[in-house]
Amino acid sequence: MAKARAPRRTIDSYTIKGINKIIRAGDCVLMRPSDSSKPPYVAKVEKIESDSRGNTKVQVRWYYRPEESIGGRRQFHGAKEVFLSDHYDIQSADTIEGKCTVHSFKNYTKLDAVGNDDYFCRFEYNSSTGAFNPDRVAVYCKCEMPYNPDNLMVQCERCTDWFHPHCIDLTAEEAKTLEHFFCQSCSFQDQKKLFNSHNVSRNSETKVDAKRRRR
């Protein structure tokens with residue numbers, strides 16, 4: 001005869017064994033994978049429950065890394081990027097290794113320093129269809145790729161678009177020393193305006209000279 005399942009009750013917090021950090025619903029955590037060669041899983045705690053035997057379970061919503069998604073990792077995916085999935089699960093609280101922070105994309109790009117436990121999310125991910133929400137994001141540079149915060153980019157002072165150094169024939173070292181930068185398109189437009197203004201000026205002078213000669 002199977003043992004009766006011990007009733008569970010929702011609790012407010014759980015203290016991670018070994019590091020004495022407290023987690024609550026809404027916190028993001030790192031969870032130990034079954035394969036020790038893999039990095040820890042990232043999850044958001046939805047609920048914490050405990051039974052009369054002292055067993056604690058957590059209901060989590062998984063974050064997927066790009067390589068775990070359909071289509072895999074792409075060039076614009078950041079090293080610390082994760083996708084908030086629709087995949088929910090119940091796990092033993094003993095598998096929690098530590099806390100982490102999953103920042104919004106905007107807040108992540110403003111960090112002065114990125115720690116080991118800092119991640120960012122800009123997409124929600126449907127684990128069954130492979131669809132992303134939003135399905136489109138802004139693209140930059142001549143290569144028209146979404147922004148990867150791990151890659152150095154320089155901003156045009158005129159159009160405010162961002163460019164990868166290698167896409168504009170610069171090394172990273174050269175890009176870092178730039179005091180001012182105008183992209184090729186804006187430089188061409190400036191040259192065109194300058195050329196047109198010179199032509200207008202020359203035509204005006206010619207008209208004045210012609211009028212003077214007629215006198």
Listed by chain and number, the aspartates and glutamates with an alpha carbon less than 17 angstrom from that of LYS110, same-chain partners under 8 positions apart left out, are GLU81, ASP118, ASP150
Too long for a 24 Å Cα-Cα cut-off, among LYS17/LYS47; LYS17/LYS38; LYS99/LYS176; LYS57/LYS106, are LYS99/LYS176; LYS57/LYS106
Summed over the other residues with a beta carbon less than 14 angstrom from that of VAL154, with K and R at +1 and D and E at -1, the charge totals -3
The answer for region 142-188, accessible area per residue at 1.4 Å probe in Å², is 67
For region 9-136, the percent of accessible surface on carbon and sulfur atoms (probe 1.4 angstrom, ligands and nucleic acids excluded) is 43
Amide H proximity to ASN151 below 5 Å, modelled H, separation 5+ or other chain, gives none
Using alpha-carbon positions, the gyration tensor of region 9-136 gives root eigenvalues a ≥ b ≥ c; with a/c under 1.5 called rounded, otherwise prolate if a/b exceeds b/c, else oblate, the class is prolate
Within region 103-190, DSSP-loop GluC sites (Glu not before Pro) with at most 10 other C-beta atoms within 10 Å are GLU144, GLU179
At the level of C-alpha centres, the distance separating region 105-149 and region 1-70, in angstrom, is 25
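The values are calculated or read from the model by the stated rules, or taken from the named source; none is laboratory data. Because the structure is predicted, anything quoted here is derived from the model rather than measured. As a convention, Cβ positions derive from the backbone with ideal geometry for all residues, glycine included, and neighbour counts pool all protein chains shown. With ligands, DNA and RNA removed, areas are computed over all heavy atoms of the protein, side chains included. Shrake-Rupley method; radii C 1.70, N 1.55, O 1.52, S 1.80 Å.
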